[in-house]
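Reviewing the structure listed below.
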């Protein structure tokens, strides 16, 4: 028995139109054709596909997993996965947001974010197979040669082929400067790629006839470290410059990882044994090219955390309304029943409201990042494009890290609502908790996101994105200073924003004296940033709901959840602020040899 999923279309439309104003914002940045009717049609069809095709396969994938033929290096996916992918391609979903010049439909990335949330709620493991094709497409689009875009990119956009990112090696994960995979120049501008990559999502499978691997490797004369890495496109089956597919390339899956969750997703050890490939972009510029893929993937993984949280909340809420246990402390609520439903109990409400606050607020935060991706590319005003780009840069580590950390929290809370019934496989909740655990790890752990946020986005880039977001918050607070419907939220938000700025300055000053202060403060600063950002979005959501034409019950739901967020979740920033101010001493002064003393 699996958990169920129903796409929350009303919540999605509220986030898009009432809060973000996407119905007017998208046409203003060049998407004139993207009106409400088109968006509704896409969302309805995406919901149908997610609910009826992918969701029923979620438990199947977890139970069966993938299998490997060690003689051929071929991976077989769980029952139904191939047929689902064929329907996905037939529906044109792989190219939903890709430019029309490469065969895509050219819809905004924002709409792709909404569709991806549905996929991740319905079947996270299946969603990993087409996931990295988007990143590979972006890398080829911005850094590939014309013939590479014609031969590889168009087939990725159509879904005929899928893509991967081959970065990690057994001895190097985050520190890619240590990688050993070699690229030897061969004839006709080709290269021979040799090395082993691990943790490669969808490294091999039976969904598509060819797989386009984007591989980081070193040229013979490359400088040491990360400055000597180049990017190569290496197909599973050889492909010439005219697009003709040849025999099998010497690249194969050596083994499948046995994982805690996402069993239906093939996580491969990939062996390249003189595989034929082509250089993408400039020699020794692979790291910068790779981040085109990585940034897209990080936002995508944030959506995975959101998707799992949404499904967990849906099932926990339904169970809490039906499960009868004990009586309400204030007296029976269902006198004709032997007990009250557990949703009457304060602690169950705490868990449900926590999930509701993090899911609905996180959705708007993620969708806003998607809108900024579109704005950075399509706005007519260069200053507006630059501002949007800065916001995307700043929000990417926050979206990735916070939505995945909250995904773990929400799936935990959902399991807790089910009690012992959540711990067993009967209701499918334990699968969600297991699947969620990987999301804080791949595409950069939470600690890596925190270092990126503080070290690069705040210190190196002088907080350009934070300044842009701060300006949005100040403007909102000024415009809503007299909004009685928001109660004390505006004043609290303004105070939080001021402290956020103060903490940022304090970290910069401390880092100038001691570089360890950056790492010591980074996690708490990231989480503080996430909760502060969510406070802004919850205040905006409450205001948007009050001024909308939504039913009274919907408005009350937003108003009371916003109140819950400000009173019971935002105070978490107090602990994070105290940890930041405590400095690096309590973390770094203990000698490593004395940890077990």
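Rule-based calculations on the coordinates, nothing more; no lab input. Quantities reported herein were computed from a predicted structural model and do not represent experimental measurements. No Cβ is skipped: glycine too gets one built from the backbone with ideal geometry, and neighbour counts run over all protein chains shown.
List of remarks:
- Relative intensity, log₁₀ I(q)/I(0), of segment 214-326 from a Debye sum that treats every alpha carbon as a point, q = 0.22 Å⁻¹: -1.26
- Beta bridge orientation in segment 133-215: antiparallel %, DSSP, nearest 5: 50 percent
- All C-alpha to C-alpha distances of segment 1-123, sorted into 5 Å bins beginning at zero, yield P(r) values of 2, 10, 18, 20, 16, 13, 10, 6, 4, 2, 1, 0 percent in whole numbers.
- To the nearest ten degrees, helix 124-143 and the longest principal axis of the Cα atoms of the chain are 60 degrees apart.
- Rg to Rh, two decimals, where segment 319-401 supplies the alpha carbon set and Rh follows Kirkwood: 1.37
- Gyration tensor verdict on segment 513-597 (Cα atoms; rounded if a/c is under 1.5, prolate if a/b is larger than b/c, oblate otherwise): prolate
- A full extension of the chain between residue 288 and residue 586 corresponds to an added length of 103.7 nm, given 0.36 nm per residue minus the alpha carbon distance.
- Residues 322, 409, 150, arranged from fewest to most other Cβ atoms within 10 angstrom of their Cβ, appear as 322, 150, 409.
- Where only C-alpha atoms are counted, convex hull volume of segment 362-407 per residue in Å³: 48 Å³
- In percent, rounded to a whole number, the relative contact order of segment 447-586 is 30, using alpha-carbon pairs under 8 Å and six or more apart.
- Peptides 401-407, 524-530 ordered by average Cβ neighbours within 10 Å, highest first: 401-407, 524-530
- Convex hull of the chain built on C-alpha atoms - directionally averaged projected area, nm²: 29.3 nm²
- Applying 0.36 nm per residue to the separation of residue 79 and residue 560 and subtracting their alpha-carbon distance, the gain on full extension is 168.8 nm.
- Kirkwood estimate for segment 447-586, i.e. one over the average of 1/r between Cα atoms, Å: 15.9 Å
- For the peptides 459-471, 9-21, the ranking by packing is 9-21, 459-471, with the highest mean count of neighbouring Cβ atoms within 10 Å listed first.
- What the Cα convex hull of segment 339-470 gives, in volume per residue, is 131 Å³.
- Between residue 23 and residue 484, the C-beta separation translates, for a Förster distance of 30 Å, into a calculated FRET efficiency of about 0.65.
- Point-to-point label distance, residue 247-residue 434, nm (Cα→Cβ direction, 7 Å offset): 4.1 nm
- Helix-derived mean residue ellipticity, 222 nm - over the chain, DSSP H n ≥ 4, -39500 (n - 2.57), to 500: -17000 deg cm²/dmol
- Potential lengthening between residue 187 and residue 101 on full extension [0.36 nm per residue; Cα-Cα distance subtracted]: 27.9 nm
- Label-point separation, residue 150 to residue 334 (7 Å along Cα→Cβ), nm: 6.7 nm
- P(r) for segment 54-104, from all Cα pairs and a bin width of 5 Å, is 5, 17, 18, 17, 15, 14, 10, 4, 0 %, short bins first.
- Cα-based helix-to-principal-axis angle, 286-322 vs the chain, degrees rounded to 10: 40 degrees
- Acute angle (nearest 10 degrees) that the helix 572-582 long axis makes with the longest principal axis of the chain, alpha-carbon atoms: 70 degrees
- Antiparallel DSSP beta bridges within the chain, percent to nearest 5: 85 percent
- Counted by neighbouring Cβ atoms within 10 Å, the residues 63, 155, 311 run from fewest to most as 63, 155, 311.
- 343, 119 arranged by Cβ crowding within 10 Å, fewest neighbours leading: 343, 119
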